């Protein structure tokens, strides 16, 4: 039986392994104004901890970026901003 979640997780693992992205430090601001410093590895870790629905959506965007030879770090910065916002919300 086809397992979409497994296929998505496999795609993401393969993508990150083959791209060999440099670990960057993303400086992002939460809605409350706090500045957070989040590494590429942390963002990727949270991608794999996300629900299967979220992973599917993330993988679809990464596929588009990759197809157009875009810089996936821009998207990972966007995700890091979401992580900072979530942290700020939970800390409030």
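Scanning the stretch 34-44 for residues that are surrounded by fewer than 16 Cβ atoms within 10 Å (Cβ to Cβ) and under 15 Å from residue 19 (Cα atoms) turns up just one, 41. Among residues that are without any contact (Cβ under 8 Å) to a residue 40 or more places away in the chain and under 20 Å from residue 21 (Cα atoms), residue 58 is not included. Selection of the stretch 45-54 for residues being closer than 24 Å to residue 25 by Cβ and either in contact (Cβ under 8 Å) with a residue 24 or more places away in the chain or crowded, with 16+ Cβ neighbours inside 10 Å (or both) yields 46, 47, 48. A search for C-beta distances below 6 Å between a residue of the stretch 30-44 that is more than 9 Å from residue 80 (Cβ to Cβ) and any residue that is part of a loop (DSSP other than H, G, I, E, B) and at pLDDT below 95, counting only pairs 6+ apart in sequence or on different chains, returns 41/23.
Scanning the stretch 66-92 for residues that are within 19 Å of residue 22 (Cα to Cα) and surrounded by fewer than 16 Cβ atoms within 10 Å (Cβ to Cβ) yields a count of 6. Out of (1) assigned to a helix (DSSP H, G or I); (2) loosely packed, with under 13 Cβ neighbours inside 10 Å, the odd one out for residue 31 is which? Evaluating residue 31 over (1) assigned to a helix (DSSP H, G or I); (2) loosely packed, with under 13 Cβ neighbours inside 10 Å leaves (1) as the failure. A residue that is under 12 Å from the mean Cα position of the chain (by Cα), under 11 Å from residue 83 (Cα atoms) and modelled with pLDDT of 95 or more occurs nowhere in the stretch 55-71.
The values are calculated or read from the model by the stated rules, or taken from the named source; none is laboratory data. Quick caveat, the model's predicted, so the values are computed rather than measured. A quick note on method: Cβ atoms are made from the backbone with ideal geometry, for glycine too, and the neighbour counts reach across all protein chains shown.
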